[in-house]
Amino acid sequence: MGIAETSGVFFTTFQLRRVAYQWWRAYKLSILDEAASLTWTQFSDMFLREYVPQNLREAWHADFEQLHQGAMTVSEYAVRFSDLARHVLVLVATVRERVPRFIEGLHPSIRISMVRELEMDIS
């Protein structure tokens, strides 16, 4: 668990203002002590449901599902992957879930090389 998982909710909610602050305050009052144990993934999901339109969340989800390197460089693909992944935490909440998805979207020649490297590391 990194800092985002353990302290991200506290750091983020501390910065909320106006309507978002009122939303968080009402949530905390409604569940009492459970807010302290809320994970970053749970908080992100709640926040997105509250403040990001459903059609935009669905578009991020679809874009992520269809993402492949295509004509992008590996660096460009990595940036796009990270950008979309942060919006679809339900699909790739952990690094262990992100790595195979990232590899899956690479050009076949790069993917094959990575699989070989991983096999060599295992043995």
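The values are calculated or read from the model by the stated rules, or taken from the named source; none is laboratory data. Quantities reported herein were computed from a predicted structural model and do not represent experimental measurements. Glycine gets a Cβ as well: all are built from the backbone with ideal geometry, and neighbour counts include every protein chain shown. Quick note on the areas: whole protein, heavy atoms, side chains included, nothing else; ligands and nucleic acids left out. Shrake-Rupley method; radii C 1.70, N 1.55, O 1.52, S 1.80 Å.
Observations
- The mean sequence distance of close C-alpha pairs (under 8 Å, at least 6 residues apart), as a share of the length of the chain, puts its relative contact order at 21 percent.
- The slack in the chain from ALA62 to VAL79, taken as 0.36 nm per residue of separation less the alpha-carbon distance, amounts to 4.4 nm.
- Here segment 54-111 has 58 percent of its accessible surface on carbon and sulfur atoms, given a 1.4 Å probe and all protein chains in place.
- Amide hydrogen neighbours beyond the local backbone of LEU106, cut-off 5 Å, H modeled: GLN69
- Where the chain is the region considered: accessible area per residue in Å², 1.4 Å probe: 71
- Packing rank of 86-92, 73-79, where each peptide gets the mean count of other beta carbons within 10 Å, highest leading: 86-92, 73-79
- Taking a ≥ b ≥ c as the square roots of the eigenvalues of the alpha carbon gyration tensor, segment 43-85 is prolate, as a/c is not under 1.5 and a/b beats b/c.
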